[in-house]
Ligand code: BES
Ligand code: MN
Ligand code: MN
């Protein structure tokens, strides 16, 4: 079914108000990883709950043991397909604060964008669906398909409680397709359907040397130094050519096929633009693969943070007691986080020199996923994006991870997984001055509304 023109006009007319409402959502500092923000995370859940209720959708807030899950569903209409809309209302920490031109939780509009933590990841993108539903109901008073909504507050910490929740509510959440807008267009103005996400394996390494920081003159030469040991361990994570050095790391990687490499090459990725965005001269990585392949379809490893020893002004002659790092790996099909976890731990332990004690803790994981491109849902998504953006979408794989996507596929047995990012690749999710172009937000609302109709018989 084609979306009635009247609905698109309604969306165009209310564009400004939608943005103002979004600002209220963005003001809530729902940083899921900080326990001191737990009440704010809950506030964001309640904000979504009330918003869903205001749309006339019966909605519920569920306790999970962690941050709450919010669900809603439209009155069931037999013989119509059901779409499950997934999003997350939690956000990443905003630090470093001094980098923000305007504060992360005081959303500010400039240069045609809204700047705030969560603007693109994922509050602004998820909110498009609520406004789409509102616009449809304002014009027609009933939705063209059945809609279920699932919003969580733990995506940014690896969705530790959502799998259990899905298993407990399997029948309530049954759907024919799931829509997730938590990524981006291929480039600004070139919308995309995402058919692959990388997985994730994330660890903390803690090294303990002497019981306390000790004088490096009195004890140097006889005491293992955990900061030095850490440098040695991390230096051996990758080979000089940029490949990951963990034995067995590449074993289960499904190779890129010729058709896919051709297709990715045809997208003509703007490497100069990426260099300028990053402020670097080179885009190094695994030999034999293009930049686009390396950033989305090949596995990799990164040190996310590193600490140890004296960091203050001037010099302090010590051998530190402790040092540590956060290390993550992006995985591709068919690498399994549990296999990688064992390989990683074994390798780190084997590299740790005598005299330091090592503890490796897994912080979170996500399965890599490839979804079907050849189904009626994907064709409907493409038509919806054409209406919303005025352009045919391209197919891409994303380098980021959304832990629950694979679970939706396996536990709810939904094959039609529609990953459609409304944002732009330079929106800066997880960075200071995260933003969302108001034009992208608007096109997102239009696409989301068009999707409800494109999926209708
Ligand atoms: N929305 C992102 C995932 C993403 C990023 C998709 C870029 C497409 C492009 C999501 O919120 C996210 O940040 N996921 C984490 C997962 C982790 C915390 C378990 C990630 O990828 O680091
Ligand atoms: Mn996200
Ligand atoms: Mn994120």
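Does any residue of the stretch 329-339 turn out to be closer than 24 Å to residue 255 by Cα, over 20 Å from the mean Cα position of the chain (by Cα) and either surrounded by 16 or more Cβ atoms within 10 Å (Cβ to Cβ) or touching a residue at least 60 places away in the same chain (Cβ under 8 Å) (or both)? Yes, that holds for at least one residue. Against the conditions (1) surrounded by fewer than 19 Cβ atoms within 10 Å (Cβ to Cβ); (2) within 16 Å of ligand 1 (Cβ to nearest atom), residue 128 satisfies every one except (1). Any residue at all in the stretch 248-265 that's surrounded by 15 or more Cβ atoms within 10 Å (Cβ to Cβ), in contact (Cβ under 8 Å) with a residue 40 or more places away in the chain and within 30 Å of residue 355 (Cβ to Cβ)? Yes, because at least one residue in the stretch 248-265 is surrounded by 15 or more Cβ atoms within 10 Å (Cβ to Cβ), in contact (Cβ under 8 Å) with a residue 40 or more places away in the chain and within 30 Å of residue 355 (Cβ to Cβ). Within the stretch 266-282, being exposed (fewer than 14 other Cβ atoms within 10 Å of the Cβ) and assigned to a loop (DSSP other than H, G, I, E, B) holds for 268, 279, 280, 281, 282.
Listed by position, the helices (runs of 4 or more DSSP H) enclosed by the stretch 149-265 that each have at least 2 residues that are modelled with pLDDT of 95 or more and outside the structural domain of residue 347 (by TED's automatic domain parsing) are 162-168. Selection over the stretch 345-380 of residues that are within 16 Å of ligand 1 (Cβ to nearest atom) and out of contact with any helix residue (DSSP H, G or I) (no Cβ under 6 Å at 6 or more places or on another chain) gives a count of 6.
Residues are listed down the side, and each one gets a yes or a no for (1) more than 22 Å from residue 124 (Cα to Cα); (2) crowded, with 20+ Cβ neighbours inside 10 Å; (3) away from ligand 3 (no atom under 16 Å from the Cβ):
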| site | (1), (2), (3) |
| --- | --- |
| 48 | no, yes, yes |
| 56 | no, no, yes |
| 61 | no, no, yes |
| 68 | no, yes, yes |
| 84 | no, yes, yes |
| 91 | no, yes, no |
| 95 | no, no, no |
| 98 | yes, no, yes |
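Checked against (1) surrounded by 15 or more Cβ atoms within 10 Å (Cβ to Cβ); (2) in a loop (DSSP other than H, G, I, E, B); (3) within 16 Å of ligand 3 (Cβ to nearest atom), residue 80 meets all criteria but (3). Restricting 233, 178 to residues that are crowded, with 21+ Cβ neighbours inside 10 Å and over 26 Å from residue 402 (Cα atoms) narrows the list to 233.
When we screen 400, 314 for residues that are surrounded by fewer than 23 Cβ atoms within 10 Å (Cβ to Cβ), within 15 Å of ligand 1 (Cβ to nearest atom) and more than 24 Å from residue 170 (Cβ to Cβ), the only hit is 400. Of everything listed in (1) within 16 Å of ligand 3 (Cβ to nearest atom); (2) touching a strand residue (DSSP E or B) at 6+ places or on another chain (Cβ under 7 Å); (3) in a helix (DSSP H, G or I), the single unmet condition for residue 133 is (1).
Return a yes/no flag: does the stretch 161-176 have any residue that is within 15 Å of ligand 1 (Cβ to nearest atom), under 18 Å from residue 92 (Cα atoms) and within 14 Å of the chain's Cα centre (by Cα). No: the stretch 161-176 contains no residue that is within 15 Å of ligand 1 (Cβ to nearest atom), under 18 Å from residue 92 (Cα atoms) and within 14 Å of the chain's Cα centre (by Cα).
Listed by first and then second residue, the pairs linking a residue in the stretch 82-97 that is farther than 21 Å from residue 43 by Cα to a residue that is in a strand (DSSP E or B) and within 16 Å of ligand 1 (Cβ to nearest atom), with Cβ atoms under 7 Å apart and 6 or more places separating them unless they lie on different chains, are 83/179; 84/150; 84/178.
Tell me, which residue of the stretch 181-196 that is more than 29 Å from residue 255 (Cβ to Cβ) and surrounded by fewer than 24 Cβ atoms within 10 Å (Cβ to Cβ) is nearest to ligand 2 (Cβ to nearest atom)? Restricting to residues being more than 29 Å from residue 255 (Cβ to Cβ) and surrounded by fewer than 24 Cβ atoms within 10 Å (Cβ to Cβ), the top hit is 188. In this entry, residue 138 is excluded by the filter for residues that are surrounded by 24 or more Cβ atoms within 10 Å (Cβ to Cβ) and at pLDDT 95 or above.
The values are calculated or read from the model by the stated rules, or taken from the named source; none is laboratory data. Since the model is a prediction, treat every value here as computed from it, not as a measurement. FYI the Cβ positions are ideal-geometry reconstructions off the backbone, even for glycines, and counts take in every protein chain you see.
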